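The values are calculated or read from the model by the stated rules, or taken from the named source; none is laboratory data. If you're wondering where the values come from, they're calculated on a predicted model, not measured in any experiment. Backbone-built Cβ (ideal geometry, glycine too); neighbour counts: all protein chains shown.
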Amino acid sequence: MNENPTDANEQYELAKKYGSGDGVPENMEKSMYWLVKAAEQGCADAQNTLGIHYSEGIGVPKNMEKSAYWFTKAAEQGNTEAQSNIGIYYMNGLGVSINKEKAVFWWTKAAEKGNDVAQYNLGVSYYQGEGVKKDFEKAMYWLNKSAQLGNEGAKEALAML
């Protein structure tokens with residue numbers, strides 16, 4: 001294992017190893033060091049993970065604005081988990097101003113790539129008319145897609161509808 005990688009993906013892998021103690025002693029400080037380096041170099045998975053760390057206060061003080069920043073960086077690169085996450089932030093005003101249309105924009109990107117959480121949230125948005133015009137057919141379409149992927153929330157929503 002390279003202890004001083006320059007490649008962002010290798011840095012991200014090293015961050016994960018230090019975070020979990022996989023083959024190295026668990027060390028959150030080293031994990032965060034490599035995670036930040038990888039994220040700053042443009043590794044979308046590292047950016048998404050850093051967004052999660054800031055949202056939950058893992059190894060860093062909780063900071064929803066920084067979380068939103070990193071989720072956006074990863075989302076712009078096509079990371080579907082980050083797209084789903086930043087959609088939640090825009091819908092609820094977490095670290096960003098509420099913008100339901102932007103939430104739907106990001107959920108649509110992630111949903112089209114098979115992210116079940118985004119599909120569920122998009123289905124609910126169409127059902128409730130939040131960020132989009134109410135559309136029962138589109139709501140059912142996205143909830144069914146999400147349920148087919150095993151999303152329990154979508155299964156419950158379909159059962160109630």
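Can you confirm whether Lys62 is modelled with pLDDT of 95 or more, charged (D, E, K, R) and either outside the structural domain of Lys73 (by TED's automatic domain parsing) or over 17 Å from the mean Cα position of the chain (by Cα) (or both)? The answer is no for Lys62.
Mind checking which residues of the range 127-160 are assigned to a helix (DSSP H, G or I) and among the polar types (S, T, N, Q)? Result: Gln128, Asn144, Ser146, Gln148. Scan the range 47-61 and tell me whether some residue there is hydrophobic (A, V, I, L, M, F, W, C) and closer than 22 Å to Val117 by Cα. For the range 47-61, residues hydrophobic (A, V, I, L, M, F, W, C) and closer than 22 Å to Val117 by Cα: present.
Restricting attention to the range 71-120 and to residues that are within 14 Å of Ala44 (Cβ to Cβ) and hydroxyl-bearing (Ser, Thr, Tyr), the residue that is nearest to the chain's Cα centre (by Cα) turns out to be Ser84. Exactly one residue out of Lys109, Lys100, Lys37, Lys113 is among the basic types (Lys, Arg) and farther than 26 Å from Leu143 by Cα, and it is Lys37. If I filter the range 80-91 for residues that are in the same structural domain as Lys37 (by TED's automatic domain parsing) and farther than 27 Å from Lys134 by Cβ, do I get at least one hit? Among the residues of the range 80-91, at least one is in the same structural domain as Lys37 (by TED's automatic domain parsing) and farther than 27 Å from Lys134 by Cβ, which makes the answer yes.
Residues in the range 79-97 that are touching a helix residue (DSSP H, G or I) at 6+ places or on another chain (Cβ under 7 Å) and not in a helix (DSSP H, G or I): Asn79, Leu94, Gly95, Val96. Within the range 11-48, restricting attention to residues that are within 21 Å of the chain's Cα centre (by Cα) and among the acidic types (Asp, Glu), the residue that is surrounded by the fewest Cβ atoms within 10 Å (Cβ to Cβ) is Glu40. If only residues of the range 97-118 that are under 11 Å from Ile86 (Cα atoms) and among the small types (Gly, Ala, Ser) are counted, the one that is surrounded by the most Cβ atoms within 10 Å (Cβ to Cβ) is Ala118.
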